[in-house]
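J.: For reference, the structure I am asking about is given below.
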Amino acid sequence: MTLLGMRSELTSNVLWTFLGILVLHVAVTLSPTVIRLFRPGGDFRDFHRRALGWWVVSGSLVLALALGPYAALFFFAAVGLTAYRELLAIQPFAFKRATVLVVAGLIAVPYLMILARLPEAASSGAAVWCLLAIPLVVMLLEPGEGFARKAGALLMAWLVAGYCLSQVPALMWRAEPLNPAGGGVGLVIYMVFLAQFNDFAQYVWGKVAGRTPIVPALSPKKTWAGFLGGLLSTAGLAWLLAPVLTPVPREVAPLMGIVVAAAGFLGDITVSAIKRDAGVKDAGKLLPGFGGVMDRVDSLVYVAPGFGLLLRWVCP
């Protein structure tokens, strides 16, 4: 196995992909102008807020990836800590400042493991010890009633906003197959783009053919048609983009797309369950038109670990 170089890996395929993302964002942003020619007087204020949110999210990600692995690691660490803060803020109970800071320090552990380039076994062991440490932190710093709920909320926040999101920049650091097409940047773009496309495809298929809810208690708008349509659409896109950005054989690429789509759905409903339990619609208000950071990266919670594991199996 070959360790990806610790530099910005901007291959020609990656640069063309960046250009394609820019063109796509410009087209989407200008689309209301075209629509007004046929439907004058439409209200596009919510659309403009979402378009601005997409520019902020995509622009930040592309800039971090272009600056290299260190910038990408710092970027996702900042995203994870912001999402962690959002998840704690929506809880119906308060945590002491010391508790919040200690667990925030534990969120930094998986990023430090990546930075140190430790073997997979050592990183997994460190993650387990972080999980074991959180209940101890609650017992020592949050004495009194509510131990199980507080410990559970912190464990979930650490796992969702900390460890799982750290597996995105890990693609640029850990031993991965040599990827002349896109390098570590290509792997991250491929995974994130498929996850975001799956969200869009599930929404469209749900609107067009959705009838039967798949998890009505958690997300009433999620339908079987949306889920299956997203699965097939993402598998097709994975097949199309695999040779451009990854070393994944084209005959295996649809499987990567199916895994990303299914994992993205699980991440979405998991975060929805957390928010529903807290009685809120959005985790925060930082991103225009989207809510909080956690609302935007929810699909990556399951996608990033699943994609990394499957990649090691497909490209040993």
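The values are calculated or read from the model by the stated rules, or taken from the named source; none is laboratory data. As the structure is a computational prediction, the values presented were derived from the model and not from experiment. Because the Cβ atoms are built from the backbone with ideal geometry, glycine has one as well, and the counts that use them run over all protein chains shown. Ligands, DNA and RNA are stripped out before the accessible areas are found, and what is left, the full protein with its side chains, is counted by its heavy atoms. Shrake-Rupley method; radii C 1.70, N 1.55, O 1.52, S 1.80 Å.
J.: Using a Förster distance of 25 Å, how high is the FRET efficiency between residue 273 and residue 66, based on the Cβ-Cβ distance and rounded to 0.05? Before the final figure, lay out each step's value.
T.: Details: r = 35 Å, r/R0 = 1.40.
That gives a FRET efficiency of 0.10.
J.: Moving to a separate point now. Going by the alpha-carbon gyration tensor, a ≥ b ≥ c the square roots of its eigenvalues, is segment 77-141 rounded (a/c under 1.5) or, if a/c is not under 1.5, prolate (a/b greater than b/c) versus oblate?
T.: Details: a/c = 2.77, a/b = 1.60, b/c = 1.73.
In terms of gyration-tensor shape, oblate.
J.: Just how many pairs of Lys in the chain have C-alpha atoms closer than 30 Å, counting pairs that are eight or more places apart or on different chains?
T.: 21
J.: Toward the positive end of the charge dipole of segment 120-219, about the Cα centre and with charges on Cβ (Lys, Arg +1; Asp, Glu -1), which of 209, 167, 154 goes farthest?
T.: Of 209, 167, 154, it is 209.
J.: Mind grabbing the base-10 log of I(q)/I(0) for the chain at q = 0.07, 0.12, 0.13, 0.14 Å⁻¹? Debye formula, identical points on the C-alpha positions, no solvent, two decimal places.
T.: After summing over all Cα pairs, the log10 values are -0.29, -0.85, -1.00, -1.15.
J.: May I pose another question? Could you list the trypsin sites (Lys or Arg not before Pro) in segment 57-116 that lie in coil according to DSSP, counting only those with at most 15 other Cβ atoms within 10 Å of their Cβ? Please report the intermediate quantities before stating the final value.
T.: Working: sites: 85, 96, 97; in loops: 96.
The qualifying sites are 96.
J.: Ordering 79, 204 by how much accessible area each has at a 1.4 Å probe, largest first, what is the list? All intermediate terms of the calculation are to be shown ahead of the outcome.
T.: Numbers: 79 25, 204 55 Å².
In descending accessible area the options line up as 204, 79.
J.: Rolling a 1.4 angstrom probe over the protein chains, ignoring ligands and nucleic acids, what is the accessible area of residue 207 in square angstrom, nearest 10?
T.: 150
J.: Hey, can you list the DSSP H helices of the chain whose Cα span along the axis is 18 Å or longer and whose average Kyte-Doolittle score is at least 0.5? List each step's numbers first, then the result.
T.: Working: long enough: 12-38 (38 Å, 1.57); 45-67 (33 Å, 0.67); 69-89 (30 Å, 1.20); 97-115 (27 Å, 2.09); 120-141 (31 Å, 1.89); 183-209 (38 Å, 0.96); 224-245 (31 Å, 1.56); 253-278 (38 Å, 1.13); 300-314 (20 Å, 1.55).
Passing helices, by number: 12-38, 45-67, 69-89, 97-115, 120-141, 183-209, 224-245, 253-278, 300-314.
J.: Roughly how many percent of the accessible protein surface of the chain is carbon and sulfur, given a 1.4 Å probe and a whole-percent answer?
T.: Details: 10980 of 15400 Å².
On the chain, the fraction of accessible area on carbon and sulfur atoms equals 71 percent.
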